[in-house]
Amino acid sequence: MFEKLTLFYHSAPPPDLANTLLFGIISLTTLVSFISLMAPVTQLTHFCVLGFLLLYAYLDKKNVGDTIKALILEVKTNPYLFILGCICLFPAILIASGPVGYHDTGMYHAQAVKWINEYGTVYGLGNLHYRLAFNSSWFYFAAFFDILAFDGRTAHVINLVPYTLVLLICLSGFYNLFKKNISVSQILKCLLALPICAAPFLTIVFLPSLSPDLVVAVCILYALILTIDYCEEREISASGQTDRQSETFILLVCLSLFLPTVKLSSLPVLLFAFFIAVKAENRKIKLLLTSSLVGAIILLPFLLGNVLLSGYLLFPFPQIDLFSFDWKVPYQVAENVRWSIKYFAIHPGMEGGIGAVAGMSTLEWMQSWLARTGGKVINYWTVTALVLAIIFMIICFARRLRLGLSILAIQTIVLTGIVYWFFSAPAYRFGIGWIWAFIILAYGNCIYLVLQAVGRRFVEYVVRGTLVVLTVALVNLLLIRWDSFELLSHDSSDLLLNVRALPSEAMKAVKIHEGLVINVPLKERGWNAELPGSPYVNNNLQLRGNTLAKGFRLAN
């Protein structure tokens, strides 16, 4: 349906399953974000959206049926890939539905989703707790599925979606390599599993949480793959832009505009879309108008939500100060939040706290960061990737490979993303997408040159062996969480059919004034506590009306 709306729907070949899933994530999140501006995202919302989708499937049953048949045929023709995918997915389901302990999910992720479910987007919610003004669109996606969690369960299993996306993309890459379709983009798809194996906290920590860091990292890597794929298709297409290129371009534009609504640390991903947009075949009125319209639809609910939650178009960037609503977060508060994010990312445990970091010069905080976090970034993977990137560029210019200039431009975009991350908020989890984009691109380029130089039979053996190794590595990684498997052996029905509830913390009720009582957690994390809740109490906080739905403001 999304492809039809973007005017590039075509019946053959059948759409890529990973692209279809990504289109669905973006369109559903945008729709739910719009709904939350006017009403809470309740069970009724869920059933209305499902009813609309069923009606559409009935009216367009031919194309929907053809797509389903094509997907079933792919499974039948590749049963081993399907089985391996299920083997990797099953333990991930156990982990995602198991115990939750991620700090930020307890501090504000779960509370943000609860507000969306019960009240929608609330005016001045950032005055209650500034983190509730961050407005990640991933929380709206999670809120839509929270009604599936009956008996007081939660939506923290939502990070299974980006993990499933990784499996689909990775297996798609292996499938195309089996068909002797050797290209840089297909190799990068296979390497997408590498950061999952080499950076285990992406799954062990983020799977059972509401953190948007996993989906941001995965989508940055896939935006890189889409850009490479477009450039390769352009090199082999002699008759202008193909339908496949148009679909890739629209998806890349949608993804590049969607990711900053999830987390602003992904902002440089817009350069991928810009790099493709400036190419001659995309300077067409129809394509540019469609891209602009789709981009406006994706960004509008995010920007409106920011204004409602904090009074700013982008929070915490108060420099873009266009409004003077009564629920607006004070300028200095927003500015302090912006700097505290950076200082905390540099050295969260430094003696003297954030103030000590703020007093450092640029050279001093860089030295402090390298001493504390540098080992996570400057390691075997990044050093070898840098060497391989230099070798690949030398070979490209020596052989005059046409794709070399495009690869160089894309590598520059990735490095720009790393620089932006480093000087904005250099916490490793914020930059993992950019760091691993640089790594897999360098490795993928050199693997491509090697596979081009060897025999086809050898390529087949290498691909099969790599697939087995990655599968074993993924399953072994997921087996780290033995507590999930212990639960399975004790009571399998409870584990497989239910989702573990969020932890509960002791709370105290703090009365600000008549009619406003704040639930304050004793250990900072409120999890799924009753609203309104906040780890901090501001005695100047006021209700804008006689209900929580009217929002909050600060007394002058």
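The values are calculated or read from the model by the stated rules, or taken from the named source; none is laboratory data. Every value quoted in this text rests on a predicted model; they were computed, and no experiment measured them. Positions of Cβ are backbone-derived with ideal geometry, glycine not excepted, and every protein chain shown enters the neighbour counts.
Right, residue 211: among the small types (Gly, Ala, Ser), at pLDDT 90 or above and surrounded by 23 or more Cβ atoms within 10 Å (Cβ to Cβ) or not?
Values: among the small types (Gly, Ala, Ser): yes; at pLDDT 90 or above: yes; surrounded by 23 or more Cβ atoms within 10 Å (Cβ to Cβ): yes.
The answer is yes for residue 211.
If you scan the stretch 147-178, which residues turn out to be modelled with pLDDT under 80 and over 18 Å from residue 217 (Cα atoms)? Give the derivation first.
From the stretch 147-178, those modelled with pLDDT under 80 are 147-156; that's our starting set.
Scanning the stretch 147-178 gives 147, 148, 149, 150, 151, 152, 153, 154, 155.
Looking at (1) modelled with pLDDT of 85 or more; (2) surrounded by fewer than 22 Cβ atoms within 10 Å (Cβ to Cβ), which one does residue 198 not meet, given that it meets all the others?
(1)
So that you can scan it fast, the table gives a plain yes or no per residue for (1) in contact with a helix residue (DSSP H, G or I) (Cβ under 8 Å, 6 or more places away or on another chain); (2) under 16 Å from residue 137 (Cα atoms); (3) of a type in the set (S, T, N, Q):
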residue	(1), (2), (3)
277	yes, no, no
296	no, yes, no
306	yes, yes, yes
322	no, no, no
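What are the pairs, 6+ residues apart or on separate chains, where a residue within the stretch 35-52 that is under 18 Å from residue 118 (Cβ atoms) has its Cβ under 8 Å from a residue that is hydroxyl-bearing (Ser, Thr, Tyr) and at pLDDT below 90?
35/45; 39/45
Does residue 265 fit the bill of being at pLDDT 85 or above and either crowded, with 23+ Cβ neighbours inside 10 Å or more than 29 Å from residue 543 (Cβ to Cβ) (or both)?
So residue 265 passes the test.
Residues that are modelled with pLDDT of 60 or more and under 28 Å from residue 109 (Cα atoms): find the helices (runs of 4 or more DSSP H) completely inside the stretch 454-526 holding 1 or more of those.
Values: elements: 456-478, 482-490, 492-497.
In the stretch 454-526, 456-478 are the helices (runs of 4 or more DSSP H) which contain 1 or more residues that are modelled with pLDDT of 60 or more and under 28 Å from residue 109 (Cα atoms).
Results for (1) modelled with pLDDT under 85; (2) within 28 Å of the chain's Cα centre (by Cα); (3) assigned to a helix (DSSP H, G or I), shown as yes or no for each residue.
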site: 319; (1), (2), (3): no, yes, no
site: 326; (1), (2), (3): no, no, no
site: 329; (1), (2), (3): no, yes, no
site: 332; (1), (2), (3): no, no, yes
site: 338; (1), (2), (3): no, yes, yes
site: 341; (1), (2), (3): no, yes, yes
site: 345; (1), (2), (3): yes, yes, yes
site: 351; (1), (2), (3): yes, no, no
site: 356; (1), (2), (3): yes, no, yes
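Filter the stretch 369-386 for residues that are modelled with pLDDT of 80 or more and surrounded by 12 or more Cβ atoms within 10 Å (Cβ to Cβ) and give the result.
Result: 369, 370, 381, 382, 384, 385, 386.
Need the failing condition index for residue 426 against (1) modelled with pLDDT under 85; (2) outside any helix (DSSP H, G or I), just the number.
(1)
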